[in-house]
Amino acid sequence: GSLRAPPTSGAPPPASGASHPSGHLAYSQFEHGDVQNGIPGSAAPMQRPPASQPFLPGSAPTPVSQTSAFQQYGAPPASVQQLSNHMAGMTIASATAPAPPPAGLGYGPPTSVPPVSGSFSATGSGLYTPYTASQGPPPASVSQGLPLAQPPFPGQTMSTQRLPTQVPGFAPPTPSTGVGPSSHPPTTGAPRPPAMPGPPLPGQALAGPPSSQPNHVSSPPPPSAMSGLHPGPPMSGLHGPPPPAHPPQPGYQMQQNGSFGQVRGPQPNYGGAYPGTPSYGSPPGPPPPPKRLDPDSIPSPIQVIEDDRSNRGSEPFVTGVRGQVPPLVTTNFLVKDQGNASPRYIRCTSYNIPCTSDMAKQSQVPLAAVIKPLAALPPEETLPYLVDHGESGPVRCNRCKAYMCPFMQFIEGGRRFQCCFCSCVTEVPPHYFQHLDHTGKRVDFYDRPELSLGSYEFLATAEYCKNNKFPSPPAFIFMIDVSYNAVKSGLVRLICEELKSLLDYLPREGNMEESAIRVGFVTYNKVLHFYNVKSSLAQPQMMVVSDVADMFVPLLDGFLVNVNESRTVIASLLDQIPEMFADTRETETVFAPVIQAGLEALKAAECAGKLFIFHTSLPIAEAPGKLKNRDDRKLINTDKEKTLFQPQTNFYNNLAKDCVAQGCCVDLFLFPNQYLDVATLGVVPYQTGGTIYKYAYFQLDTDQDRFLNDLRRDVQKEVGFDAVMRVRTSTGIRATDFFGAFYMSNTTDVEMAGLDCDKTITVEFKHDDKLSEDSGALLQCALLYTSCAGQRRLRIHNLSLNCCTQLADLYRNCETDTLINYLAKYAYRGVLSSPVKTVRDALINQCAQILACYRKNCASPSSAGQLILPECMKLLPVYLNCVLKSDVLQPGPEVTTDDRAYIRQLVTSMDVAETNVFFYPRLLPLTKADVDSDSLPAAIRNSEERLSKGDIYLLENGLNIFVWVGVSVQQSLIQNLFGVSSFSQISNALSTLPVLENPFSKKVRSIVDMLQAQRSRYMKLIIVKQEDKLEVLFKHFLVEDKSLSGGASYVDFLCHMHKEIRQLLS
C-alpha cells in the first residue's frame, strides 16, 4: 500500500505574513460533503433537478446538504476515508467560453456540459475530474453522451487555443456551477433545496447557513464541498449522483487516484476552522480538524506534460507560421525549419505580445526569449547551412545592419529590399540580384537558406575579425592543482591518466582528419610549473615561475603543441606529473596567477582558447587575487546576506574583462573539502562564458565516474570562441536586459570568450513604441564566433511573433516553462543586490499581478472566491513555489554558502529544459517500468504521499539521481537490482548500480543511462533507503510538500497565491 504517514507538521504560514484574514476563510472551512471524487454514498440517491432549470447569472448558488459525519463510500479502510481533512472541492471551470479546454490541456479529461439553453453565465462549467493515466479510461460524459475525446463541443470555434483553467475553487463556484455553502446537517434522502429565486441581498443568509458567517456579507460565500469533485459531468450546476458510467476502477479500491488522500495532520495556519469565524491567529475553542485542498484537484504538472506529449509529440513542429507556441520542452518532437528558428535555439515567454507598453505593464508578463545559439540538434534534424557570399560577405541592411533573412521584403523587381526591422530600403548588391516571381518572392527562394530558413550561418569576412585578420585555431590549456589535497585524493593521477586518451577527442570540424586545437600543460600550488612538450624533445622540460605577483610565460616555443606531433612527449609528461608531486607537503594554492598565466600564453600565441583549471582549495597563498575565508551562515536572512553571493574582491572582475578581450574562456573543476568561495572563484568562468563543475568531498571510488564523464563531455563538446552576440528587433520593442554567463562592455553586445552548445542567454524586451497586429514583431539573434577550426562565422536565428490588442490573446500564447526560466534568473540576479526576502516577495507579487490581470480582464465574471488560472499558466503557481523554495532563495541548514553560489551561477545559464527538471524534478516509479519496452514508466507527482513503501523510485533533477527504496520492497526486486538479499544489506555508498544479468537490472540501468544522456552534466547517483538519514536530502526534492527550510507545500502556496490575487482585485 502507499505510505500513509501524515506530514510531520502542519502547513507553514504563507511566505509573506502569517495567517489569513477572515475574508480568506474559504480555504479550510468545509469538508467534502455527499459527493467525493469517487462513488456515491450508500445513502439514498440525491435527486437531480431538471436539467433545464434556468440558472440566471447572479442567482444564488444552490445550497448543498452536507454531512458533518464522514460518509463511507462502500467500505474502504477508515484511514483512507477521513474526508474531514480534505478541503472543499474545487471548481475548475474554463473561463473564456463554455467549451471545456481541449482534452489535452486539463489535469484530466474535461467532463463538461454544453450550455443548456442560456442557462449558464459566460463561464462554462468546465469541471475536470482529476484523473491520472493510471486509471483506465475516463468516464464518458453521460449528460449529453458526448465522447470526451473530442475536445471542444461541436460548433464551438475553440480550436486548440489554450483555455483558462479554473482552479478548483477555493471558494464558491460561479453561479453557473452553482453550489453554495451550507453548514446545516443533511436530510439524507431528501432532494436538494431549489435555488433561491434571485440574488441574495447583502447580508441575507443563503438558504440557511448559520448567520454567524460574517464573511458572507462582504466576501463571497466559501466553497461547498461539492464544488468540483464529482467524476460525472456537473449538470449545469446541479448536483446529482455521479453517473453510473463510472464504476470504481478495478484495483483502486474506491480510491480514485488517491484522491481521498492520506490522513493529513492538522494544518494549523490555514484559516480558522469554524465556518465564518475570522481567523486572526488561532480560532477560539477547540477547532475541529482543518480541511485541506485535495491535491488531486489542483493542476498537476505530470498531467500537463503527459497531455502535451500525447497531443503534440507525434507531429513534427513546422516553423513556417508566425507566433506558433512550440510543444513543451518535456515533449519529444521533431522540428522542421521553414523560416523561424527552432525552439531548440529560441523559446519565448509569449508568442503573442502586447501591442503597447501599457498593455504589457498591465499584464506584468515579462517578454523574454531564452536563446541557445549553438544548441545541439538530434541526429534527425539538419544542422544550420553555411552560406558563403565570398569577398563581399553577408548582405545586410544599410541602416540597422540586420542580416538578410526570410522576412526581408524585395521590391522594384528585386533590385532593392526593405528591411523588416527598421524599414530602411537597401540596394541589392549586383552579385546577389535575382528576379521575383508573381507573388513577389525571389525565384531562388528555396535555394538560399537565408531566404527560406529561420537559422543558418554565414562565413565571415576579414572585417569581422580582430585587427582585420583571420584568427588562428584556438588552444586548450590544462592547469592542474598539485597541492597536497589534490595529490593525496588521487585526483592528479586520475586527471593525467584520463588526458592521455582524451586528447585524441578534441573537437574538430566535420570533415577534418584531426583537431586544429593545440594543447599546453601547467601544474601549480604556490608557484607555477610550465612544461615544454615540443615534439623534438626526448623528455618534457619543466620551468618554474615563482614570482606569482608578476606573471609571465617563460617559454613560447613548445608550450602549445599539436597533439599528434608531440604525442610521446605529452604521454611522458602525464606519466611523470603524479610521480613528481607524490610526496608534496605544499597545502597552499594560488588561483588568479593561474588564470593570468593561461591568458598570457594565449596572448603570446595570438589565439583564443580555453583554460581547464582543476582546483581544490581557497587560494590563501600570498599572490594577486588571494582570498580569505569569509563564510558566515549568520548572515542568512539579514540585509548582509547578499554579500555571500558577491565576489570578495574586484580583482577577478578586471581579470575576467582581460580574458574576454583575448577570447580566453575558463572552465573550472572544483574539488573542495571545505569553503573555497565559489562566489569569487566563479567570476572569471562566469564572465568568460565558461562552466563550473563542483565535486565536494571528492572521493576516487564514488566520484571518479561523474568527474570523468563531465571532463570528457566538456573537452569534446562544440564550442565557439571570441563570440559576440547581438539581438535586433523590429521597431516597437528592443532588448533591454540580458542574463547568462557573459560579459557586456556596452548595452547591446553580449561578449563571450567561449560559448558552448549548452550555454543559454536570456534576453528581456521592452516596448519603445507601438507594435501592430498586422506586422507582428521580429527578433534576429546574430552570433559572431570562431569555430574550433579557427573559422570566423556568423550564426543567425530569426523568429517572428504575433502582436495583440486583447489581453486574452497574450494569455493564450504564453509558455510557463520559459517564464519560470526567466523569473528564476531574474530572482537569482536580484539576490546580489537585495535581501532574499525582498526578492521572494517581488516574485510572488509579480505572479499574483499576472494572474490577477487575467482574472480581471479575460475570465468571465465569477465569484471572487474562485481561483481562475489561464490554461497555459495553470502550472505557474506550482513552479513558482519551487523557485521560491530553491536553495538560493530559501536554504535549508544543510546547504552551504558555496552550494548556493554554485547553483546561482549554474541556473543563470540553464536552458528551459534544464530549469524545468531542476525546479520540478522527474520522479519515476521504477517498479512500474515495463522491462520489455524502451519507454520510461509514467512519472508521478513530487510528493511523499505518492510514494508507496513497496516500490522503488528514481528522482532526477539534472544534477542528481536518487534511487529511493521503500522498506517493504519485495526481496526478489532487491536481489535483482542490488545483488543483495535484503533491504538492510543495500549499501547507500553505491555510486553506480551493479551490473546484473536480469531484465529488471538491465531496464533500470538503461533508464539511468538514458537520463544521463539527456543532461549536460553527469548526474550523481545516490541510493536512499526509506527511513534512512539520507532520506531528508531526498525529501528536499519532493517539491509539492512543505520543506524543512520553511517552504510552503503546493496546496498551501496555491491558497496563498489566491489570497494575494484577491487582495489585488479588491
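Within the group Arg416, Arg396, which residue is basic (Lys, Arg), in contact with a strand residue (DSSP E or B) (Cβ under 6 Å, 6 or more places away or on another chain) and more than 28 Å from Gln791 (Cα to Cα)?
Residue meeting the stated conditions: Arg416.
Can you name the number of the only condition in (1) under 21 Å from Thr760 (Cβ atoms); (2) crowded, with 22+ Cβ neighbours inside 10 Å; (3) out of contact with any Ser or Thr (no Cβ under 7 Å at 6 or more places or on another chain) that Phe721 fails?
Result: Phe721 passes all but (3).
Restricting attention to region 735-752, does a residue exist that is assigned to a loop (DSSP other than H, G, I, E, B), more than 28 Å from Glu497 (Cα to Cα), among the charged types (D, E, K, R) and not assigned by TED's automatic domain parsing to the domain that holds Leu506?
yes
So, restricting to strands (runs of 3 or more DSSP E) that lie completely within region 376-432, which ones have at least 2 residues that are within 22 Å of Thr461 (Cβ to Cβ)? If you could, list the steps in order and put the result at the bottom.
On the way: elements: 409-411, 416-418, 425-427.
Hits in region 376-432: 425-427.
Just one of Glu457, Glu463, Glu450 is on the phi < 0 side of the Ramachandran plot and either aliphatic (A, V, I, L, M) or assigned to a strand (DSSP E or B) (or both); which is it?
Glu457
Residues checked against (1) within 30 Å of Asn511 (Cα to Cα); (2) part of a helix (DSSP H, G or I); (3) in contact with a Ser or Thr (Cβ under 8 Å, 6 or more places away or on another chain):
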position: Ser775; (1), (2), (3): no, no, yes
position: Ala782; (1), (2), (3): yes, no, no
position: Tyr785; (1), (2), (3): yes, no, no
position: Ser800; (1), (2), (3): no, no, no
position: Cys803; (1), (2), (3): no, no, yes
position: Leu810; (1), (2), (3): no, yes, yes
position: Ile820; (1), (2), (3): no, yes, yes
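Suppose we keep only residues that are of a type in the set (Phe, Trp, Tyr) and under 24 Å from Leu783 (Cβ atoms) within region 410-455. Which one would you say is farthest from the chain's Cα centre (by Cα)?
This residue is Tyr432.
Among the candidates Asp710, Asp667, Asp758, single out the residue that is on the phi < 0 side of the Ramachandran plot and either surrounded by fewer than 22 Cβ atoms within 10 Å (Cβ to Cβ) or among the small types (Gly, Ala, Ser) (or both).
Checking each option against the conditions leaves just Asp710.
In this structure, is Leu924 touching a residue at least 24 places away in the same chain (Cβ under 8 Å), within 30 Å of Val370 (Cβ to Cβ) and either outside any loop (DSSP other than H, G, I, E, B) or of a type in the set (Val, Ile, Thr) (or both)?
yes
Among the residues of region 388-410, how many are more than 22 Å from Met725 (Cα to Cα) and at pLDDT 95 or above?
2
Which condition from (1) part of a loop (DSSP other than H, G, I, E, B); (2) surrounded by 19 or more Cβ atoms within 10 Å (Cβ to Cβ); (3) in contact with a helix residue (DSSP H, G or I) (Cβ under 7 Å, 6 or more places away or on another chain); (4) not basic (Lys, Arg) is the one that Gln905 breaks?
With respect to (1) part of a loop (DSSP other than H, G, I, E, B); (2) surrounded by 19 or more Cβ atoms within 10 Å (Cβ to Cβ); (3) in contact with a helix residue (DSSP H, G or I) (Cβ under 7 Å, 6 or more places away or on another chain); (4) not basic (Lys, Arg), Gln905 is out only on (1).
I'd like to check which helices (runs of 4 or more DSSP H) are fully inside region 955-1066 and have at least 2 residues that are in contact (Cβ under 8 Å) with a residue 24 or more places away in the chain, closer than 30 Å to Asn845 by Cα and in contact with a Leu (Cβ under 7 Å, 6 or more places away or on another chain).
1050-1065
Could you list, in sequence order, all residues of region 587-637 that are within 30 Å of Glu751 (Cβ to Cβ) and small (Gly, Ala, Ser)?
Ala592, Ala597, Gly598, Ala601, Ala604, Ala605, Ala608, Gly609, Ala623, Gly625
Being among the β-branched types (Val, Ile, Thr), in contact with a strand residue (DSSP E or B) (Cβ under 8 Å, 6 or more places away or on another chain) and under 16 Å from Asn821 (Cβ atoms) is the filter here, so list the residues in region 908-946 that pass it.
Thr908, Val912, Val917
Out of (1) in contact with a helix residue (DSSP H, G or I) (Cβ under 7 Å, 6 or more places away or on another chain); (2) more than 20 Å from Gln303 (Cβ to Cβ), what's the single condition that is false for Asp1009?
(1)
Evaluate the following for Ile961: is it closer than 21 Å to Glu1040 by Cβ, touching a helix residue (DSSP H, G or I) at 6+ places or on another chain (Cβ under 7 Å), modelled with pLDDT of 95 or more and not small (Gly, Ala, Ser)?
So Ile961 fits the description; yes.
Quick one: what pairs do we get from region 833-856, first residue within 19 Å of Cys872 (Cα to Cα), second at pLDDT 95 or above and outside any helix (DSSP H, G or I), C-beta under 6 Å, 6+ apart or different chains?
These pairs meet every condition: Gln846/Gln364; Gln849/Gln364; Ile850/Gln364; Ile850/Val365; Tyr854/Pro870.
If a residue has to be in contact with a Lys or Arg (Cβ under 9 Å, 6 or more places away or on another chain), of a type outside the set (A, V, I, L, M) and in a helix (DSSP H, G or I) to count, how many in region 468-503 make the cut?
Number of matching residues: 2.
The values are calculated or read from the model by the stated rules, or taken from the named source; none is laboratory data. This is a predicted model, so every value here is computed, not measured. As a convention, Cβ positions derive from the backbone with ideal geometry for all residues, glycine included, and neighbour counts pool all protein chains shown.
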